[in-house]
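Report on one structure; see the data block that follows.
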Amino acid sequence: MAEISSGYEPKAVEEKWRKHWEEARIFTPNPDDPGEAYSIVIPPPNVTGALHIGHALNLTLIDVLCRHARQKGKNVLWIPGTDHAGIATQNVVERALKKEGKRRQDLGREAFIERVWQWREEYGHRILDQIRFLGCSVDWTRLRFTMDEGLSKAVRRVFVKLYNEGLIYKGDYIINWCSRCHTALADDEVEHEDKKGHLWSIRYHIEGSDESIVVATTRPETLPGDTALCVHPEDERYSHLVGKMAILPILGRRLPIIADSYVDRSFGTGALKVTPCHDPNDWMLGKRHNLEFIQVIDENGIMKAESGPYEGLTKEACRERIVEDIEKEGDLVSVSDLTHAVGHCYRCHTVVEPHVSTQWFVATTKLAPKARAAVPALTKILPETWVKTYYHWLDTIRDWCISRQIWWGHRIPAWTCEHCGKLVVAEESPTVCPACGKTDLIQEEDVLDTWFSSSLWPFSTMGWPDSTKDLERWYPTSVLVTGFDIIFFWVARMMMMGQHFMGRVPFADVYLHALVRDASGRKMSKSLGNVIDPVLMIEKYGCDALRFTLTAFAAMGRDIRLSEERIEGYRHFVNKLWNAARFTLMNLGDAKPVPCNLSAIEGLHNQWILHALEGAKKDVDAALTDYRFNDAAQTCYKFLWSSFCDWYLELVKPDMQSEDTVVRDRARYVLWLVLRELLVLLHPIMPFVTAEIWDALPVPDSEEKKELACEPYPPERPECVRQKEADAMEFLQGVIVAVRTVKAELSISPAKTLHLMAKPNSQEQRAVLEENREVLLTVARLSELTVTDELNAPKASASEVVSGCQLVVPLLGAVDLKGELARLDKQLGKLEKNLESVNRCLADQNFIQRAQKDVVDNKRALAAELLDNKAKLETMRRRFAEAIEEESAR
RNA sequence: GGACAGUUAGCUCAGCUGGUGGAGCAUCGCCCUUACAAGGCGGGGGUCACAAGUUCAAGUCUUGUACUGUCCACCA
């Protein structure tokens, strides 16, 4: 296919390659394949999810890494999969049920779970399709789901082992309860948000005395659950009351007054009511002081019988009533405004209620130290700024509440014998009680926290607990790429589980990427209406444009402010590549490229572009190795646009017109080679457009055509590194720019051809100008080029100095001479300023003596050059001023 | 209350080990030059948040201040 259309149209192209990659199973590696192992597990998106921009960033970066690793000859495995997302998925299905007027309880557990599986069958592939849509080079044959059979087996194995080791236990504890989701939540599933509320000060009378203690509370509805008052042991205001009894308002119960240094004397009245069942700190106080535990709010947020007259009220209604009642009794001392942090469920945003109940826990306090010690020795966290956060979390970790009172998830493999009360924890359902031999075994109702199965992901996806070839070949994984928002939920827990069960950390590197925000830096959210839908962006601008944008903005440790305009902007880049390819194909015609000896290649422009390509190859490789995605993208961008398109394609045009077939074939070959290697560099970032162009590109007879996705990274070509020629090219470019500048600033039409006279500063410059005469005439649009040592230019000439080479363009006809004078003055002004600062430096003896020698030498050379330029320009200015006088004299 | 980041051109951001401040977009001027108007060429625009310190030399290193943002935390 040597013909491609003039504007790049992504849709059909993408469709074609997506299908091809999957069908050809290009990304399905074999453990026996050669090459260093390289593996990544996908951060499994929720099965209920739709691709959002954060996924798009995450997946793009992983795909860039995987494709690049493949190019470097590694044996790459990228495992895709989804997470069953317990609470989220259950919520979705419950909502669907609600439309039918049913609750999950109406169906019963089994039927409900059946229903969830059905739902997953029907809708669960959406997110997978979107991963496909993004062009991810995952191995679809190894697709996993956190609830599939293998992973369930892994979960049970882990649970039982941890239980037997005493690292999983069951106990009463105050946990975070979401009364809407009807389940316990782990500490990090609670989001704290500052809310405006009130602080009520309530008087508690002291038994057998006229005295009273005023305490402040933000939650008066918990008052019926009070079982003590607490003050600081050294607080003189209250010390005489410690040990006495206070009377609970309204209910009249007697409350001991205790002392504990936990109390902050300076806050409120320095006295505190203790409600052990409804506040985590009070719970701690209750345990420490052996207080009574009275639960007054139930798991639905309704007041229990223990709350006496308030039984049956919602906790909100109860709050109002209690405040009213206390006020009536005259014990409401004051009400003030207070802003304080209130916990919300991270799934449904309902206010979380501390709740005492029996739950299962993983003793993460025991597993944490090893996971901490692994960083950075065994696992490197990048950017490093997150290491401290990781440490801090592990240092202050509490045991992990893993039981959830929902139905969708891995059911806890524990059974209680109804007869003897024996608790049996086993991988397979026991048929008889090992203690009494009876068969009345009831399984735990609760399921495990979704993150429990996620924490096993790096090895469970590779087939653990079986010993598989995949595990042997690809565990531990090379790198985990994920957002920093799940460093605790997921990363730290995978570290603990990986170390405990595999004996090795699950990944060598952890790369934490930024959050994608909107153009003004706000989080993207549906309610703000500022979400950018990646699927829509792909449809509008093409997948490559989106991918390139995300890569270009993925600077380490910095959030990304994304807007649609940016994606639109990078679409231009994709199109630029497309058109550069069109130019190349057009000029190759039907001819196949004929390789020539690169170490002896002629033509400054050829030498230069090959030299620049070597630099780009090195830079891109180094950048991707260091996870500097933005640098890799930037290098490609600059090389393609600024070097290849802006210069090389223009410089090579005369060659293409040349009668000399040697010149022409040589240029064709270089053009072909540079484009080809550039396609390889860009392919990890923009897989589609590059694959399409690659496909259209002919190969020399000596080569077999492969597909781009399987093409290795281009080899280094030391023979193409030519610094001297690159410098010469820079000079030539300077000359061309000078001519253009003169035209533009003096309002001479770019189409107007001019006579350029040049007085070179050296033999090298002379040679460069002479040897590139054709290029100069074409690209700088000259009518004539005179290279001379004797400048016999008319006084009315524009002039420039480039690297000491004097350039003069006679100005004929209707040119504004004053304009040139102004231009020269501006140039001279700039020179003057530079020279001054350089001279100031050189005049400083301290600098001369203490600075490094080469720095001083460079400065001196610079000063000399500036001085030379200045002298030359001043001469020209003088002559020019005379020309103007002569003009006006006429 | 702790911890961490950020502050560079109108906007979004690069600037590695200190040595005359960069890119993209936007803006202005000129061009439909046979790959590309989703383009080409050229120009303008910055006491690098503020202050002190180290140094011959600071956007770059140190400390402090201000503002912005994020995360963690049991202030009732």
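Read the figures in this text as sums done on the coordinates, not as results from a lab. Predicted model only: the values in this text are computed from it and were never measured. As a convention, Cβ positions derive from the backbone with ideal geometry for all residues, glycine included, and neighbour counts pool all protein chains shown.
Distance from the C-alpha centroid of the range A:166-211 to that of the range A:707-766: 72 Å, rounded to the whole angstrom.
Partner lysines whose Cα lies under 21 Å from the Cα of residue A:244, excluding those fewer than 8 positions away in the same chain, are identified as A:273, A:287.
If you take all other residues with their beta carbon under 12 Å from the beta carbon of residue A:534, and give Lys and Arg +1 and Asp and Glu -1, the sum is -1.
Ignoring everything except DSSP H segments at least 4 long, calculate the 222 nm mean residue ellipticity for chain A; use -39,500 (n - 2.57) per segment, divide by total residues, nearest 500. Intermediate results must be reported in sequence, preceding the final value.
On the way: 29 runs with 386 residues, N = 890.
That comes out to -14000 deg cm²/dmol.
Residue A:638: net charge of surrounding residues, Cβ under 11 Å, Lys/Arg +1, Asp/Glu -1, itself excluded?
Taking every Cβ under 11 Å from that of residue A:638, the sum is -3.
Compared with the dominant principal axis of the Cα atoms in chain A, helix A:53-71 is inclined by about 60°. Full extension of the chain between residue A:661 and residue A:599 gives 20.4 nm of extra length, using 0.36 nm per residue less the Cα-Cα distance. Taking 7 Å steps out from each Cα toward its Cβ at residue A:211 and residue A:320 produces label points 3.8 nm apart. Label separation (residue A:442 vs residue A:842): 9.5 nm, computed from points 7 Å beyond Cα along the C-beta direction.
How much length would be gained if the chain were fully extended between residue A:431 and residue A:825, taking 0.36 nm per residue of separation minus their Cα-Cα distance, in nm to one decimal? Walk me through the numbers before you get to the answer.
Values: separation 394, 0.36 × 394 = 141.84 nm, distance 9.82 nm.
Length gained between residue A:431 and residue A:825: 132.0 nm.
Expressed as a fraction of 2.2 N^0.38 Å, the value expected for a compact globular protein of N residues, the C-alpha radius of gyration of the range A:342-451 is 1.45. Applying the Karplus relation 6.51 cos²θ - 1.76 cosθ + 1.60 with θ = phi - 60° to the range A:659-670 yields 3J(HN,Hα) values of 6, 6, 5, 5, 4, 5, 5, 5, 5, 4, 5, 5 Hz, where x marks Gly and Pro.
Note on the range A:162-254: Rg/Rh from Cα positions, Kirkwood definition for Rh, rounded to two decimals, is 1.11.
Counting other C-beta atoms within 10 Å, and keeping those with at most 11, which DSSP coil trypsin sites (Lys or Arg not before Pro) do you find in the range A:1-86? Answer by residue number: A:25. What is the calculated FRET efficiency for residue A:311 to residue A:387, with r their C-beta to C-beta distance and R₀ = 56 Å, to the nearest 0.05? Computed FRET efficiency for residue A:311 and residue A:387 comes out at 0.60. Shown is the FRET efficiency for residue A:508 and residue A:129, computed with R0 = 25 Å from the Cβ-Cβ distance and rounded to the nearest 0.05: 0.20.
Pairs of alpha-carbon atoms within less than 8 angstrom and 6+ residues apart define the contacts here; what relative contact order does the range A:578-705 have, in percent? Result for the range A:578-705 is 39 percent. Expressed as an acute angle from 0 to 90° and rounded to the nearest 10, what is the orientation of the C-alpha long axis of helix A:364-373 relative to the principal long axis of chain A? Taking Cα atoms only, the helix is inclined about 20 degrees. Every Cα-Cα pair of chain A was included, and the share exceeding 39 Å stands at 59 percent. Overall, the range A:83-240 carries a charge dipole of about 1140 debye about its Cα centre when +1 sits on the Cβ of Lys and Arg and -1 on the Cβ of Asp and Glu, all other atoms neutral.
Note on residue A:710 and residue A:773: the extension gain reaches 18.5 nm, defined as 0.36 nm multiplied by sequence separation minus the Cα-Cα distance.
So what is the relative contact order of chain A, in percent, for Cα pairs below 8 Å that sit 6 or more residues apart?
Details: 1482 pairs, mean separation 108.1, N = 890.
Normalised by residue count, the contact order of chain A is 12 percent.
From largest to smallest, the equivalent ellipsoid semi-axes obtained for the range A:62-134 from the alpha-carbon gyration tensor read 38, 11, 9 Å. Over chain A, what is the percentage of antiparallel beta bridges among all DSSP beta bridges, to the nearest 5? Here the share of antiparallel DSSP bridges comes out near 70 percent. Regarding the range A:500-621, what is the average projected area of its C-alpha convex hull, in nm²? That works out to 14.2 nm², a quarter of the Cα hull's surface. Around the Cα centre of the range A:658-697, unit charges on the Cβ atoms of Lys, Arg, Asp and Glu (plus for the first two, minus for the last two) sum to a dipole of about 80 debye.
Considered as an equivalent ellipsoid built on the Cα gyration tensor, the range A:641-782 has semi-axes of 34, 17, 15 Å, the largest given first. Placing pseudo-labels 7 Å out from each Cα toward the beta carbon at residue A:114 and residue A:854 gives an inter-label distance of 7.8 nm.
Would you mind getting me the FRET efficiency between residue A:165 and residue A:240? Use the beta-carbon distance for r and R0 = 45 Å, nearest 0.05.
That pair, residue A:165 with residue A:240, gives E of 0.35.
Computed from Cα positions, the angle between helix A:109-123 and the longest principal axis of chain A comes to roughly 10 degrees. For the pair the range A:143-157 / the range A:69-137, the C-alpha centres are spaced 14 Å from each other. Once Rg and the Kirkwood radius are both taken over the C-alpha atoms of the range A:360-424, their ratio Rg/Rh works out to 1.19. Charge tally around residue A:752: other residues with Cβ under 9 Å, Lys/Arg +1 each, Asp/Glu -1 each, net +2. Comparing Cα centroids, the range A:35-49 and the range A:236-261 end up 57 angstrom apart.
Qualifying GluC sites (Glu not before Pro) in the range A:28-136, where qualification requires a DSSP coil assignment and no more than 15 other C-beta atoms within 10 Å, comprise A:36, A:100.
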